[in-house]
Amino acid sequence: MHNMKFLPYLELKPQHQDLRAELNQAFNEVLDSGWFIQGKQLEDFETEYAAYCGSQYCVGVGNGLDALHLILRAYGIGAGDEVIVPSNTYIASWLAVSYAGATPVPVEPDLATYNIDPQKIAAAITSKTKAIMVVHLYGQVADMGPVIAIARQHGLKVIEDAAQSHGAKYKGAISGNLGDVASHSFYPGKNLGALGDAGAITTNDAELAHQLKALRNYGSQVKYHNEVKGYNSRLDELQAAMLRVKLKRLDGWNQQRRALAQQYNEGLQDLPGLVIPFVPSWSEPVWHVYPVRHAQRDALQKHLHDAGIGTMVHYPIPPHLQAAYQEMQLPAGSFPLSEQIHAEILSLPLDPYLSPDDVARVIAAVRDFALGTKT
Ligand SMILES: *Cc1c(COP(=O)(O)O)cnc(C)c1O
């Protein structure tokens with residue numbers, strides 16, 4: 001066992017080794033074009049990614065957090081407004097609301113799916129609520145039907161944070177085209193990742209897309225004419241070119257993720273104390289991560305580390321308990337489901353470039369722990 005090579009949680013090198021020739025060619029094209037910001041690569045990527053999501057418009061931006069923030073700005077959501085957010089999420093979803101000057105109002109997840117529980121949204125809506133932000137966490141879409149029904153009833157916008165769900169489906173419809181507008185992150189480790197920071201917004205709302213194109217570029221539609229106080233958050237030509245190469249592989253990669261997730265599901269079912277992911281009948285996840293839960297999570301993580309297997313915790317501290325949100329005065333116990341998930345969740349290695357042998361090795365080590373531990 002100790003002779004075995006350490007299996008890192010995530011390694012991006014094999015992917016780039018595989019794509020090296022195409023990425024180099026794309027790099028050379030951009031270099032030779034002499035054009036690096038808001039050019040043909042961005043335009044083509046926007047067209048191709050909009051088509052992938054089945055959306056009419058795609059607006060490339062600097063990163064996923066900016067995508068969320070610019071959406072809120074474009075909707076005019078700001079001081080005095082409230083936005084419903086999941087209590088169980090990466091902090092970016094909350095930060096975007098705070099940046100806009102509005103207040104995030106957390107709603108607890110469904111413990112089975114880890115995504116926002118639509119049954120709990122209505123109680124969080126006030127006269128100040130302007131939007132519901134759902135996050136398709138770990139690559140599985142939230143239960144959108146009831147979310148949209150509540151939003152329509154109260155006249156609220158539905159914003160999808162699709163950072164982890166490129167290609168995931170809800171009742172056959174694709175993530176990024178399930179609400180009014182969606183944000184996407186192409187952080188390198190996401191299912192579709194750039195070679196640096198990048199993000200995008202998809203929507204079918206022409207006016208919103210038009211506003212977003214100004215907001216990402218100093219508030220300007222026509223060079224040196226600034227209609228609003230915008231930002232500099234553009235998806236540059238090099239990153240757009242890299243993303244165009246990788247977008248062609250996304251479906252194949254997601255298919256490979258599904259196969260490995262299936263291998264985990266079969267190898268880890270019925271283990272005492274171990275909770276494997278639940279996939280509702282309407283959901284086709286893309287397995288951005290493969291999360292398991294165990295009451296002795298830290299011991300499980302250590303056991304795997306000692307067996308030469310890297311894991312990650314997504315995430316160790318919920319947003320409401322972060323020092324950054326101290327001012328909201330939400331003490332431990334405020335969001336017990338979210339807190340339980342954060343205490344028990346563990347992401348096992350899952351990447352299209354892992355082999356079934358790698359996954360078999362992880363399964364063996366998890367089984368060893370679960371069967372050897374009194375729970
Ligand atoms: C990665 C991520 C973001 C932020 O994306 P960046 O491109 O890193 O700004 C937002 N929300 C979720 C759920 C994420 O996983």
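The values are calculated or read from the model by the stated rules, or taken from the named source; none is laboratory data. Quick caveat, the model's predicted, so the values are computed rather than measured. Cβ coordinates were reconstructed from backbone atoms using ideal geometry, including for glycine residues, and neighbour counts include every protein chain displayed. Just so you know, the surface numbers come from the protein's heavy atoms only, side chains and all, with ligands and any DNA or RNA stripped out. Shrake-Rupley method; radii C 1.70, N 1.55, O 1.52, S 1.80 Å.
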For ARG20, the accessible surface traced by a 1.4 Å probe with all protein chains present amounts, in square angstrom to the nearest 10, to 130
Could you sort the peptides 248-255, 5-12 by per-residue average Cβ neighbour count (10 Å cutoff), highest mean leading? 248-255, 5-12
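Counting Lys and Arg as +1 and Asp and Glu as -1, what is the net charge of the other residues whose Cβ lies under 14 Å from the Cβ of ILE363?
Once positives and negatives cancel, what remains is -3.
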Alpha-carbon centroids, the stretch 109-181 and the stretch 232-299: separation in whole Å: 19
Of ASP161, ASP180, ASP32, which has the largest mean-square fluctuation in a 10 Å C-alpha GNM of the chain? ASP32
Full extension between VAL275 and LEU371 adds, at 0.36 nm per residue less the Cα distance, a length in nm of 33.2 nm
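Whenever you get a sec, line up GLU43, GLU339 from highest to lowest accessible area (probe 1.4 Å, protein heavy atoms).
Reading off the accessible areas and sorting them downward yields GLU43, GLU339.
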With every protein chain in place, the accessible area of ASP197 for a 1.4 Å probe, in Å² rounded to the nearest 10, comes to 100
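Pull out a ≥ b ≥ c, the square roots of the eigenvalues of the alpha-carbon gyration tensor of the chain, then state rounded if a/c is under 1.5, prolate if not and a/b is larger than b/c, and oblate in the remaining case.
Working: a/c = 1.99, a/b = 1.22, b/c = 1.63.
Because a/c hits 1.5 or more and a/b fails to exceed b/c, the chain counts as oblate.
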Tell me, what % of the accessible area of the stretch 97-163 is carbon and sulfur with a 1.4 angstrom probe? 54
Given a Förster distance of 41 Å, report the FRET efficiency between ALA299 and ILE37 from their Cβ-Cβ distance, rounded to the nearest 0.05. 0.25
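Quick check: with the 1.4 Å probe, what order do THR113, THR126 take by accessible area, largest first?
Descending order: THR126, THR113.
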Portion, in percent, of the accessible area of the stretch 276-336 that falls on carbon or sulfur, probe 1.4 Å: 57
Picking from VAL228, VAL245, VAL134, which is most flexible by a Gaussian network model of the chain using Cα springs under 10 Å? VAL228
Per residue, how much accessible area does the chain show when a 1.4 Å probe rolls over the protein heavy atoms, in square angstrom? 43
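Could you put HIS225, HIS320, HIS154 in order of accessible surface area, largest first, with the 1.4 Å probe and the full protein assembly present? Could you put the intermediate results ahead of the total?
Values: HIS225 115, HIS320 5, HIS154 85 Å².
These residues rank, largest area first, as HIS225, HIS154, HIS320.
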When the chain is modelled as a GNM with alpha-carbon springs shorter than 10 Å, which of PRO316, PRO356, PRO331 fluctuates the most? PRO331
Can you tell me the length gained on complete extension of the stretch ALA343 to VAL222, counting 0.36 nm per residue apart and subtracting the Cα distance? 38.6 nm
Here FRET efficiency (C-beta to C-beta, LEU12 to SER127, R₀ 45 Å, nearest 0.05) is 0.45
Given charges of +1 on the Cβ of Lys and Arg and -1 on the Cβ of Asp and Glu, with all other atoms neutral, how large is the dipole of the stretch 297-361 about its Cα centre, in debye to the nearest 20? 80
For the stretch 115-240, with the dipole built from +1 on Lys and Arg beta-carbon atoms and -1 on Asp and Glu ones, taken about the Cα centre, which of GLN153, GLY230, PRO118 lies farthest toward the positive end? GLN153
